[in-house]
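The numbers here are math on the coordinates, done by the rules we state, and not lab data. Keep in mind that what you see is a predicted model, and the values were worked out from it rather than measured. As a convention, Cβ positions derive from the backbone with ideal geometry for all residues, glycine included, and neighbour counts pool all protein chains shown.
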Amino acid sequence: MPVSSKFLTGLSLLIALAGCSDSAGESKVASKTASPVEIFTVGAQSLQREINAVGTVRYRRETPLGFTTAGKVALVRFEEGDVVKRGALLAALDTTNVGADMSVATAERDRVRAEFDRVRALYADGWITKARFEAAEAMLKSAEARVRQAGFASSTAQLYAPSSGVVLMRNVQAGQVIAAGTPALILGEADDGFVFRVPIVDRDASKLRVGMAADISIESASEAPLTATISEIDGRANAGTGAFSVQFRLPNVSTLRSGQIGTATITLPASEKGDQLQIPASALFGVRTGEGLVYVVGAKNRVEISNVIIHRVTDKFVLVSGGIQPGDKIVTSGLEKLRTGSAVRIVKGLR
C-alpha cells in the first residue's frame, strides 16, 4: 500500500524535533561540565612600579675649610650650628711665624736684588761671564718666589666664609696647633641650596635620568611630600654597598636642615623591553626558577597550558615573556580544577 505524503511529512517533523531535543540536551550537559573561571586579557602595557629609598638632606656644597700652612690657632669665632654671612672671618692663625717668614723672605730678596744689580753692571762692562750673570738672575727669581710664597701664607692665615651658610663642624680650638691642609671648619653653603641623597641599587639606578621627578617625604621639614628632581647620579657605585648615590635638588624650604632623614618615592617602568607582558600573579602555577605555567583559553573555550619566562614579580603582577601574546585570555581563578583540554565557562573577565 502506498504511503501518503501527509504521513511522510509528519514523520519528518517528529525526527527534526527529536534532533533538536537531543542537541539541547547535549548543550545543557556541556554547560554543566564546563568549569567556571575568571580570565585576564593580556595587554602590551608596561608595568609601572614605585621604589622607595631612604636618604639624607645635605647642603649641595658642604665645604671643608683649612689653612695652607701649619701654625697655632689664634681664634675661632663661630660654633657648630652658627649662621654666617659671606666674607665673615671664621678663624685665624697666630701670625708671629708667618710674619717672621715674610720678613726673612723680603730681606733675602732685597739682598739678592742688590747683588744682581752689581753683577748686571759688571756683565755689561764685560768683566764677568754670561753664566755668572744668569746664575745671579736665577737667584733673584728664586728670592722673589719665596716672598710671594710667604705673602700667600700670610694672606691665608685667616679663614673667610666663601658663602653665606651654617657651620656644620668645628674641628679646632684657640691655641691648638694645626697642620697645613687639615679641615678646621666645614661650612654648609646656603647659597647653593639643599639636596637629598639616596643610595639606589644598580638595577634601578640604570633606569634613572637627570631631570626625573620624585616625591621626597621629610616629616621634620614638611607635612606634605616635596617635589624634587634628580640633579646628579654617581658615575661609579660604592665599593662597599654596590649602590649608586643619586642626588635630588630640593625646593627652598626654611625648615630644611642638613642631616634630616626622609624617603624618596620614584616611579619606574618595570621594563623597557617590548616582548615582556604584564599578567596577574594568580594566573601562574607550576612555578620553578625563572619559569611558570598558565592556562590559555582557546577555541571552543577549552584551555591549553603555556610555559612563560618570569622576569620580575611584584605584589600583584608578574612581568613575563614567551608562551603568550597580547590579546590572549588566561585563566586567573579556578585553575585547580583544570587540565589540558578542559572546557571552561567564563564568569568574569579582567583587562
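The table that follows gives values for the structure above.
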item	result
Under 20 Å from LYS141, Cα to Cα: aspartates and glutamates that are on another chain or at least 8 residues apart	ASP101, GLU108, ASP110, GLU115, ASP117
Given charges at beta-carbon only (K, R positive; D, E negative), |dipole| of the chain in Debye	1020
Ranked packing of 282-288, 163-169, most packed first, by mean Cβ within 10 Å	163-169, 282-288
Fraction of alpha-carbon pairs over 19 Å apart in segment 96-156 - percent	38
Spherically averaged projected area in nm², based on the convex hull that wraps the Cα atoms of the chain	37.7
Under 5 Å, built H, 5+ apart or other chain: amide partners of LEU226	ILE216, SER217, ILE218
Derived scalar couplings ³J(HN,Hα) [segment 324-336; Karplus, 6.51 cos²θ - 1.76 cosθ + 1.60; whole Hz; x for Gly, Pro]	9, 10, x, x, 5, 9, 10, 7, 10, 8, x, 5, 5
